[in-house]
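Peer 1: To start, I am sharing the structure in question, which I have written as structure tokens.
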Amino acid sequence: MTEMIRESMEYDVVIVGAGPAGLSAAIRLKQLDPDLGVVVLEKGSEVGAHILSGAVLDTSGLDALIPDWKAKGAPIKVEVKRDNFYILGPSGQMRIPNWPMPPLMSNHGKYIVSMGNVCRWMAEQAEALGVEIFPGFAGSELVYDDKGGVKGVVAGVMGLNSDGTPGPNYEPGLELHGKYVFLSEGVRGSLAKEVIARYDLSNGHCPQKFGIGMKEIWEIDPAKHREGTVTHTAGWPLGKTAGGGSFIYHLENNQVYVGFVVHLNYRNPHLYPYMEFQRFKHHPLVAELLKGGKRVAYGARAISEGGWQSIPKVVAPGVALLGCSAGLVNVPRIKGNHNAMLSGIAAAEAAAAAIAQGRAGDELSAYETDLRSGPVAKDLKKVRNVKPIWSKWGMAASLVLGGFDMWTNNLFGLSLLGTLKHGKTDAAATGEASKFPKIDYPKPDGVLSFDRLTNVSFSFTNHEENQPCHLRLKDASVPIAVNLPKYDEPAQRYCPAGVYEVIGEGAEARFQINFQNCVHCKTCDIKDPSQNINWTTPQGGDGPNYPNM
């Protein structure tokens, strides 16, 4: 067949990902110079389709970007009225009062939001300024210049057969070139991963740490609904087997977000994060709230947890990492959207200044400087030791010693502990199956708890089946030859969508990938102990379609 020529389009700035970081960058660029050509690529079917973070929003980023967001009708309405934190046991709980908590941990004055809806609104603001937004266009490949710098992105490749050959409706996509490319793909994005490796951006920094966050939206009995109530828990059911905790946020219309996070540095490969979440809902505190309600949506995503120590260098020739691509989540606060917005603003200001000076394709060192000395740094440095304390010494130490460290940082701007380091990667933390007990999980009851495949249907995920599998094995023999005997193939359990299965036993065992189920959480790319799975973006528009997560 005749080779199809890939057309190109030229912009000043190309942004991959229409999340809070990418949209903030786009808006700020146009605020600074309306004549700049700015395009945002979004792999979801629409803006917000892949945004899972139903969140308590610190509006500091949005205040800096659009000070009159209330007057402009932002979907940010439910202010936090009650803030609770519990330590759970198997059948009871102990409430931790708010007064010992450092002020930075308070949620009062924050808002319970659907970040999907916030991003949809931000996209409207961006388009009103002249930003071009292309939903359903997955940035699948980077384009490099003759000096080795990033000059653009390939997007919109469609119509490949399952074996990777062009099908009858093949579209080669476009090359979108920019003076600068911003990667705001979220956690463990495929392009950001390539950039970090190619330019060795993690050199001199701790390895990034991650968690897997799973969430359901429930409609509950109006008599039990308390709009504006925020509840976080730690302890049961994880205990000493893994770090993590839960959140329950009461938003409008008798709905609550019920979520559960498991730190991915757990050692026991028999641990099943999804089933820990389902078991959690049977705790009396939670079960009583949900009784008589119904689950209406489900989703999952990885969360960057390394914080200050794990932020890589965020610039390379022609490219910058924004938001979760750089790992800017404040773990103790369980907040990252404000830092994502602030990073987008800082990157935009650096790029606009560089373009005004006639520059292109170089490193935006001003962005790097701002990120490490500005408001994002001030937010993350104060809490930098909480996660490594938890990883090294457990939950109790993180509450007591981590809390004390946050207080000294808050009051005096210093830590008596200095800066603690993270250990090995989450993949390397996985222990051998023979050294750990198997965990017996109760069967879901179909009322409070649900099997994975049933819940995946409530993520409204969809992938065209006749396309190449976007979950690529470096060595197809590893799952059965290495991971199964050594780790009991943990992909069967760490995936929250039932993508990976071991079919058969002994010599008949084979590894099956049900990529159609994938909710794009990237956990497999992170936790696989052999680092044999490479998550890549599927065709644009595929994946989950979250309603107002």
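Peer 1: If you restrict to DSSP beta bridges whose two residues both lie in the chain, what percentage is antiparallel, to the nearest 5?
Peer 2: Values: 61 of 88 bridges.
Close to 70 percent.
Peer 1: Please name whichever of V478, V400, L453 sits farthest to the positive end of the charge dipole of segment 385-480, dipole taken about the Cα centre and charges placed at Cβ: Lys and Arg +1, Asp and Glu -1.
Peer 2: Projecting each Cα onto the dipole axis, the largest value belongs to V400.
Peer 1: A further question on this structure: Considering only Cα-Cα distances, which of the following residue pairs are longer than 22 Å: K151/K378; K193/K313; K387/K438; K335/K438; K209/K527; K209/K522?
Peer 2: Cα-Cα > 22 Å for K151/K378; K387/K438; K335/K438; rest within.
Peer 1: I've got another one for you. State, to one decimal in nm, how far the label point of R6 lies from the label point of W393, with both points 7 Å from Cα in the Cβ direction.
Peer 2: It works out to 5.1 nm between the two label points.
Peer 1: Give me the percent of the accessible area of segment 1-134 that comes from carbon and sulfur atoms, probe 1.4 Å, all protein chains in place. Please list the in-between numbers first.
Peer 2: Numbers: 3020 of 5760 Å².
Whole-percent figure for carbon plus sulfur exposure: 52.
Peer 1: Considering the dipole of the chain built from charges on the beta carbon (Lys and Arg +1, Asp and Glu -1) around the Cα centre, which of G361, H225, A21 is farthest to its positive end?
Peer 2: H225
Peer 1: For A128 and L417, compute 0.36 nm times the residue count separating them, minus their Cα-Cα distance, and round to one decimal in nm. If you can, show how the numbers build up before the last one.
Peer 2: Working: separation 289, 0.36 × 289 = 104.04 nm, distance 4.81 nm.
Answer, rounded to one decimal: 99.2 nm.
Peer 1: List the GluC sites (Glu not before Pro) in segment 379-475 that DSSP assigns to loop (not H, G, I, E or B) and whose Cβ has at most 12 other Cβ atoms within 10 Å. Which are they? Kindly include the intermediate steps, with their values, before the conclusion.
Peer 2: Numbers: sites: E432, E464, E465; in loops: E432, E464, E465.
Loop-located and lightly packed - E465.
Peer 1: Nearest 20 debye, what's the magnitude of the dipole of segment 348-447 about its Cα centre given +1 on Lys and Arg Cβ and -1 on Asp and Glu Cβ? Kindly include the intermediate steps, with their values, before the conclusion.
Peer 2: On the way: 13 positive and 11 negative charges, 85 e Å.
With only Lys, Arg, Asp and Glu charged at Cβ, the dipole is about 420 debye.
Peer 1: Out of segment 320-410, which GluC sites (Glu not before Pro) are coil in DSSP terms and have no more than 10 other C-beta atoms within 10 Å? The partial results should precede the final answer.
Peer 2: Values: sites: E349, E363, E368; in loops: E363.
Passing both the DSSP loop test and the Cβ count: no residue.
Peer 1: Would you grab the residues whose amide H sits under 5 Å from the one on K151? Only those 5+ places off in sequence or on another chain, please, with H modelled 1.01 Å from N.
Peer 2: V143, Y144, D145
Peer 1: Quick one: what are the phi-derived ³J(HN,Hα) couplings along segment 82-99, Karplus 6.51/-1.76/1.60 with θ = phi - 60°, whole Hz, x for glycine and proline?
Peer 2: In residue order, the calculated couplings are 9, 10, 10, 9, 10, 9, 9, x, x, 9, x, 7, 10, 7, 8, x, 6, 5 Hz.
Peer 1: Can you list residues whose amide H is under 5 Å from G159's amide H, if they're 5+ apart or on another chain and H is modeled 1.01 Å from N?
Peer 2: Close amide H contacts, sequence-distant or interchain: E171.
Peer 1: Show that you can apply the helix-only estimate: for the chain, add -39,500 (n - 2.57) for every DSSP H stretch of four or more residues, divide by all residues, and state [θ] at 222 nm to the nearest 500.
Peer 2: The helix contribution divided over the chain gives -7000 deg cm²/dmol.
Peer 1: Sticking with this structure for a sec: What does the net charge come to around V482 if you take all other residues with beta carbon closer than 12 Å to its beta carbon, with K and R at +1 and D and E at -1? Intermediate values should be presented prior to the final figure.
Peer 2: On the way: positive: K474, K486; negative: E432, D475, D488, E489, D528.
Cβ neighbours under 12 Å give a net charge of -3.
Peer 1: Can I ask one more? In sequence order, what are the phi-derived ³J(HN,Hα) couplings for segment 252-260 according to the Karplus relation 6.51 cos²θ - 1.76 cosθ + 1.60 with θ = phi - 60°, rounded to whole Hz, with x for glycine and proline?
Peer 2: 7, 6, 6, 9, 9, 8, 10, x, 9
Peer 1: Cβ neighbours within 10 Å, averaged per peptide: list 211-217, 118-124, 370-376 in order, most packed at the top. Working shown, then result.
Peer 2: Working: 211-217: 25.7, 118-124: 22.6, 370-376: 18.7.
Ranked by mean Cβ neighbours within 10 Å, highest first: 211-217, 118-124, 370-376.
Peer 1: If each residue of separation counts as 0.36 nm, what is the full-extension length gain between D440 and M94 once their alpha-carbon separation is subtracted?
Peer 2: Details: separation 346, 0.36 × 346 = 124.56 nm, distance 2.59 nm.
Result: 122.0 nm gained on full extension.
Peer 1: Just for segment 183-331, what percent of DSSP beta bridges are antiparallel, to the closest 5?
Peer 2: Values: 32 of 33 bridges.
Of those bridges, close to 95 percent are antiparallel.
Peer 1: Cut-off under 16 Å on the C-alpha distance; same-chain residues fewer than 8 positions from K147 excluded. Which lysines are left, in chain and number order?
Peer 2: K179
Peer 1: Moving to a separate point now. Can you tell me the dipole magnitude for the chain around its Cα centre, using point charges on the Cβ only (Lys, Arg +1; Asp, Glu -1), in Debye to the nearest 20?
Peer 2: On the way: 54 positive and 56 negative charges, 485 e Å.
Result for the chain is approximately 2340 debye, rounded to the nearest 20.
Peer 1: F460: accessible area at probe 1.4 Å, nearest 10 Å²?
Peer 2: Only protein atoms counted, so the area is about 100 Å².
The values are calculated or read from the model by the stated rules, or taken from the named source; none is laboratory data. Note that this is a predicted model, so its numbers are computed, not measured. No Cβ is skipped: glycine too gets one built from the backbone with ideal geometry, and neighbour counts run over all protein chains shown. The protein model used for the area step is the full one, side chains on, heavy atoms only, and it has no ligands, DNA or RNA in it. Shrake-Rupley method; radii C 1.70, N 1.55, O 1.52, S 1.80 Å.
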